[in-house]
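Encoded as structure tokens, the structure appears first; notes follow it.
The values are calculated or read from the model by the stated rules, or taken from the named source; none is laboratory data. Quick caveat: nothing in here was measured; it's all calculated off a predicted structure. Please note: Cβ atoms are built from the backbone with ideal geometry, for glycine as well, and neighbour counts cover all protein chains shown. Heavy atoms of the whole protein, side chains included, go into the accessibility calculation; ligands, DNA and RNA do not. Shrake-Rupley method; radii C 1.70, N 1.55, O 1.52, S 1.80 Å.
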Amino acid sequence: MTMKADEMSTYWMPFTANRSFGKAPRLFTAADGMFYSTDSGHRVLDSIAGLWCVNAGHGRRPIIDAIKESAERLDFASSFQVSHPAAFELSQMIVARSPMPDGNVFLSNSGSEAVDTALKIARGYFAMKGEAGRKRLIGRARGYHGMGWGGLSVGGIGRHRRDFEPLIGQVDHIRHPYDPAVSRFSRGQPEKGVDYADDLTDLLTLHDPATVAAVIVEPVAGSAGVFPPPVGYLEKLRAVCDQHGILLIFDEVITGFGRIGARFAANRFGVQPDIITCAKGLSNGAVPIGATIVSKAIHDAYMENSREEIELAHGYTYSGHPLACAAAIATIRLFDEEGLWTRVTALEGAFESAMHGLKEQKLVTDVRNIGLLAGIDLAPVAGQRGARAKRIADLCFDRGVLVRSSGDTLVISPPLIIEVGQIDLIATTIAGALDDCT
């Protein structure tokens with residue numbers, strides 16, 4: 001199917017240069033396994049898992065069949081005062097595979113909603129405990145937590161915030177924990193940088209700890225360009241939060257569901273948060289869904305202390321949507337059957353070698369990796385932020401590999417079903433594009 005530019009003018013595409021897209025549109029019309037196909041039949045290796053989410057690969061028959069069966073049997077049921085069995089089955093499956101097997105799940109429709117839900121639950125938790133003064137939320141510079149008002153407020157990417165301020169109040173930020181002077185070309189977790197966690201202690205000398213509800217971080221910063229945490233950093237944040245009775249929220253929308261070689265980043269790093277958000281990989285991207293996992297203590301505080309019949313006055317029309325639940329249940333079963341939770345551990349070495357092999361390219365200024373995540377920084381074109389990375393991504397697309405550019409960084413996050421030969425293809429395609437731009 002070929003579309004004309006005027007036929008595409010009514011769709012305002014997210015995070016897209018809409019004025020130029022119609023001049024050279026890139027339209028996918030099919031996907032299978034590791035590949036997309038365009039309207040012209042061009043096959044493109046997906047090195048970004050759709051958008052960090054198609055972890056089990058495209059077109060997986062068990063997920064497709066589950067969606068079809070659900071649509072034919074129960075197309076919709078509200079979760080307001082009624083529900084359906086799949087919502088409860090899915091929630092049980094999530095907590096059983098999470099670091100909080102005695103926790104509870106609130107279902108939503110995206111990572112952004114999962115984050116806003118987590119922030120609201122955190123504030124409400126302290127109200128339930130009689131500590132209503134704990135309202136402050138602490139995020140991190142260069143953090144990404146979706147585009148809802150709450151997530152945008154605790155997020156730390158200036159370009160995302162600039163046009164929409166003022167955002168919600170009583171929010172502060174700690175520094176982004178990465179110093180290229182000492183950690184460039186780090187493999188896995190940087191050895192230096194644990195002291196960045198002291199920012200939280202310093203901030204608590206400005207804000208009374210008794211006014212702080214929660215700290216929210218990505219265990220691995222994703223949209224900022226893939227930054228694994230320094231060794232000991234997350235552990236130190238946890239200790240400071242424990243010392244002052246502050247909740248720790250892990251935004252695992254990207255790192256959940258096997259992306260870094262464990263069910264969740266919390267499992268890999270051995271740090272227990274109080275709340276986890278997840279989305280993307282939860283349904284393999286097939287149907288929008290998000291989930292906020294909370295500890296038993298948080299859930300019990302609402303159940304035991306609420307003065308209202310409805311303990312949590314929060315929700316969405318499509319919370320626990322039958323089709324989304326069916327897709328997520330099928331995805332989790334697929335992960336169990338194929339060992340996708342930990343498949344990355346067998347691929348991480350080859351992936352790391354391939355990505356760091358690009359270090360020799362003249363335009364590459366930094367490479368970072370963990371699991372099947374990598375960020376490749378490029379020397380910018382003077383006065384044209386992001387122009388070089390976009391040019392490289394465009395060349396890679398033409399040569400059959402989908403690569404994401406974010407500012408002056410190339411981001412790689414392929415489906416977990418990738419083979420070593422395909423990892424090498426991604427690296428050689430990027431290298432060739434870089435050679436042609438030198």
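Accessible surface for the range 15-80, divided over its residues, is 55 Å² per residue with a 1.4 Å probe.
On a per residue basis, the range 111-205 carries 46 Å² of accessible surface, using protein heavy atoms and a 1.4 Å probe.
When the convex hull of its Cα atoms is viewed from all sides, the range 308-372 shows a mean projected area of 8.8 nm². A DSSP coil position with no more than 16 other Cβ atoms inside 10 Å describes the following trypsin sites (Lys or Arg not before Pro) in the range 284-348: Arg307. In the range 173-251, the portion of solvent-accessible area held by carbon and sulfur atoms comes to 52 percent [1.4 Å probe, whole percent, DNA, RNA and ligands not counted]. I need the calculated FRET efficiency for the pair Cys437 and Glu7, taking r as the beta carbon distance and R₀ as 41 Å, to the nearest 0.05. Efficiency, from the Cβ-Cβ distance: 0.80. For the chain, dividing the convex hull volume of the Cα atoms by the residue count gives 151 Å³ per residue.
Other residues lying with their Cβ under 12 Å from the Cβ of Arg26 contribute a combined charge of -2, Lys and Arg counting +1, Asp and Glu -1.
For the range 367-438, the pair-distance distribution built from all alpha carbon pairs, in bins 10 Å wide starting at 0, is 21, 55, 22, 2 percent. Rolling a 1.4 angstrom probe over the protein heavy atoms with all chains in place gives the range 248-388 an accessible area of 37 Å² per residue. For the peptides 319-326, 178-185, 85-92, residues were scored by their other Cβ atoms within 10 Å and the scores averaged per peptide; the highest-first order is 319-326, 85-92, 178-185. Here the Kirkwood formula puts the hydrodynamic radius of the range 301-438 at 17.9 Å, using every distinct Cα pair.
Summing charges over neighbours of Arg61, with a neighbour being any other residue whose Cβ is under 13 Å away from its Cβ, gives -2 when K and R count +1 and D and E count -1. Counted over all Cα-Cα pairs of the range 1-156, pairs farther apart than 22 Å make up 65 percent. Radius of gyration over Kirkwood radius for the range 241-328, both on Cα atoms: the Rg/Rh ratio is 1.02. Glu360 exposes around 150 Å² of accessible area when a 1.4 Å probe is run over every protein chain in place. Here the chain is assigned +1 on the Cβ of each Lys and Arg and -1 on the Cβ of each Asp and Glu. Its dipole about the Cα centre then comes out at about 820 debye. In this simple spin-label approximation, Asn18 and Phe76 carry label points 7 Å from Cα along the Cα→Cβ vector, and these lie 2.5 nm apart. For the range 203-250, the equivalent ellipsoid derived from the Cα gyration tensor has semi-axes of 22, 12, 9 Å, listed largest first. Modelled label positions at Lys192 and Ser306, each set 7 Å beyond Cα in the direction of Cβ, lie 5.0 nm from each other.
Between beta-carbons, use under 11 Å as the cut-off and find the net charge around Asp336, counting Lys and Arg +1, Asp and Glu -1. So the environment of Asp336 carries a net charge of +1. Computed over the chain, the per-residue total of -39500 (n - 2.57) for DSSP H runs of n ≥ 4 gives a 222 nm mean residue ellipticity of -11000 deg cm²/dmol, rounded to 500. Ignoring lysines fewer than eight residues from Lys23 along the same chain, the ones with Cα atoms less than 19 angstrom from its Cα are Lys4, Lys390.
Relative to the current alpha-carbon distance between Arg61 and Gln243, full extension at 0.36 nm per residue lengthens the span by 60.7 nm.
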